[in-house]
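Below: the structure, in structure tokens.
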Amino acid sequence: MTDHSPLWEVFVRARRGLSHTHVGSLHAPDAELALRNARDLYTRRQEGVSIWVVPAGAITASSPDEKDAFFDPAADKVYRHPTFYEVPDGVAHL
Amino acid sequence: MYGNDFSAPDGATDEAPGGLLGEVEAAEAELRAAAARGRRGGPAPDEDLAAYFAEVVDAEQKIEPRDWMPDAYRRTLIRQIAQHAHSEIIGMQPEGNWISRAPSLKRKAILLAKVQDEAGHGLYLYAAAETLGISRDELVQLLLDGRQKYSSIFNYPTLSWADVGAIGWLVDGAAIVNQVPLCRCSYGPYARAMIRVCKEESFHQRQGYEILHTLAHGTPAQQAMAQDAVDRWWYPSLAMFGPPDGDSTHSAQSMAWKIKRFSNDDLRQRFVDMCVQQAEILGLRIPDADLRWNDERQAYDYTQPDYDELMQVISGDGPCNRERMAHRRAAHADGSWVREAAAAYAAKRAEQREKVAA
């Protein structure tokens, strides 16, 4: 009675020009059925022009426990943002 | 399951422009705003996790699947989201009962789309529950074993076509009043699923209202059918908001965790206040002789539903409990060969690909 269909994460491109965005997940035995199920589940009202399905097990995620340490190296590099620099008055096109 | 913004065919709007659907939009905007100001990273290595969790919730930020959370918060969410998902799935039955007997092809196509939406909403919610570490198989089994509940309302029968209208207007209406605040729930995946559900539902209540409006302006027999449906669905719909605040077991903690935003009685009052004017435009009577405007409270006084009946239905003795569960179990068992065949086909295809690759 149990059903061990794997879990798939679904990404939908809403319109041409936008990137695919994660919309949710579903179960399906294979990629082809996952795509069809994703169409029926997540695009019943023309929400998308393109769908990706990815086996949930194939995703490697950063761990929330090491979130600070993991992203810390970016925190002290404010000079990566244009707002860090002082622009002398009167300079145009910069 | 259900939802809508309560707009009526002839402009019977309920409240502020945008109505409930506007509130869904607002909840979504708030979610984006909270995400934008959420510069707080993960907890520091030596930080108290419970304090960190409380800080995130108090700051109206969302808790996400891999964050630390109290076990009781996780259990409460699993119970609530699962019960909600089961309600969507069982909720297909009373309406599905009328697909083959819908009075026109148009009505039939609409009802089919609505029932398909219920299935979709069940699946969004199961997926949200699974992010908390419970599997789909377990959730399905808990329902089939009767160890998790679904909304008591679906244990009432749909006796006439007008019941499909009454379900749309009253049951979907009550559900959306309940669900719109859930769009602001502190658990990210649930809030996002609810935004999706509430947005999609904007046609459900409207279609129900339109069915009743058409019948209520038809022949005397059609009017009587519409009134009969409202008479039967009014009190069970009021009971959907759960027991009165004094008797509600989970409410206070859920409010503190920002899973729930308003009390059962507050939501019930809100629903009654919305329905009165909508009923007038339908030309149908709400079956409550004591329903009247209370100027002091700026709200309608109304008769409470029979909570003993609610408890009886919840505990398994409603008019259709056994039928609903028997139908669900049979559908699951009858579908097992399809699941097995799909799995066998997927395994065969994978094997063939391996051979080609080798």
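Observations
- Every residue from region B:53-93 that is assigned to a helix (DSSP H, G or I) and within 14 Å of chain A (Cβ to nearest Cβ): B:F53, B:V56, B:I81, B:A85, B:E88, B:I89
- Residue identified as in contact with a Lys or Arg (Cβ under 9 Å, 6 or more places away or on another chain) and not β-branched (V, I, T) among B:D117, B:D137: B:D117
- Only one of the numbered conditions (1) among the polar types (S, T, N, Q); (2) within 21 Å of B:E340 (Cα to Cα); (3) part of a loop (DSSP other than H, G, I, E, B) is not met by A:N37, and that is (3).
- Test: residue in region B:147-169 that is hydroxyl-bearing (S, T, Y), in contact with a Pro (Cβ under 9 Å, 6 or more places away or on another chain), part of a loop (DSSP other than H, G, I, E, B) and within 14 Å of chain A (Cβ to nearest Cβ): no
- Highlighted here are the helices (runs of 4 or more DSSP H) found entirely within region B:291-358 that include at least 3 residues which are surrounded by 11 or more Cβ atoms within 10 Å (Cβ to Cβ) and more than 14 Å from chain A (Cβ to nearest Cβ): B:307-312, B:321-334.
- Test result for A:T60, assigned to a loop (DSSP other than H, G, I, E, B) and among the β-branched types (V, I, T): yes
- Region A:63-87, residues that are facing another protein chain (nearest Cβ under 9 Å) and polar (S, T, N, Q): A:S63
- Search result, residues across region A:1-59 that are surrounded by 15 or more Cβ atoms within 10 Å (Cβ to Cβ), of a type in the set (V, I, T) and in contact with a helix residue (DSSP H, G or I) (Cβ under 7 Å, 6 or more places away or on another chain): A:V10, A:V12, A:V23, A:I51, A:V53
- Selection status of B:P103, modelled with pLDDT of 95 or more and under 18 Å from B:R329 (Cα atoms): no
- Identity of the residue in region A:35-50, under 16 Å from B:E118 (Cα atoms) and hydroxyl-bearing (S, T, Y), that ends up farthest from the other protein chains (Cβ to nearest Cβ): A:T43
- Pairing residues of region B:86-98 that are modelled with pLDDT under 95 with residues that are buried (at least 22 other Cβ atoms within 10 Å of the Cβ) and assigned to a helix (DSSP H, G or I), at Cβ distances under 6 Å and at least 6 apart in sequence or on separate chains, gives no pairs at all.
- Within the option set B:G188, B:G146, being surrounded by fewer than 24 Cβ atoms within 10 Å (Cβ to Cβ) and touching a strand residue (DSSP E or B) at 6+ places or on another chain (Cβ under 8 Å) holds for one residue only, B:G188.
- Some residue of region B:201-212 being at pLDDT 95 or above, surrounded by fewer than 19 Cβ atoms within 10 Å (Cβ to Cβ) and of a type in the set (D, E, K, R): yes
- Selection status of B:A174, under 25 Å from B:A109 (Cβ atoms), buried (at least 24 other Cβ atoms within 10 Å of the Cβ), away from every other protein chain (no Cβ under 14 Å) and in contact (Cβ under 8 Å) with a residue 60 or more places away in the chain: no
- Any hit, region B:96-119, residues being closer than 22 Å to B:A216 by Cβ and within 16 Å of the chain's Cα centre (by Cα): yes
- Selection from region A:1-34 of residues that are out of contact with any strand residue (DSSP E or B) (no Cβ under 6 Å at 6 or more places or on another chain), part of a helix (DSSP H, G or I) and either closer than 17 Å to B:A119 by Cβ or among the hydroxyl-bearing types (S, T, Y) (or both): A:L33
- Top-ranked residue in region B:94-109 [being surrounded by fewer than 19 Cβ atoms within 10 Å (Cβ to Cβ) and assigned to a helix (DSSP H, G or I); ranked as farthest from the other protein chains (Cβ to nearest Cβ)]: B:R101
- Some residue of region B:114-135 being among the polar types (S, T, N, Q), in a helix (DSSP H, G or I), surrounded by 22 or more Cβ atoms within 10 Å (Cβ to Cβ) and in the same structural domain as B:L212 (by the TED database): no
The values are calculated or read from the model by the stated rules, or taken from the named source; none is laboratory data. No experiment lies behind these values; they were computed from the predicted model shown. For neighbour counting, all protein chains shown are included, and Cβ atoms are generated from backbone atoms with ideal geometry for every residue, glycine included.
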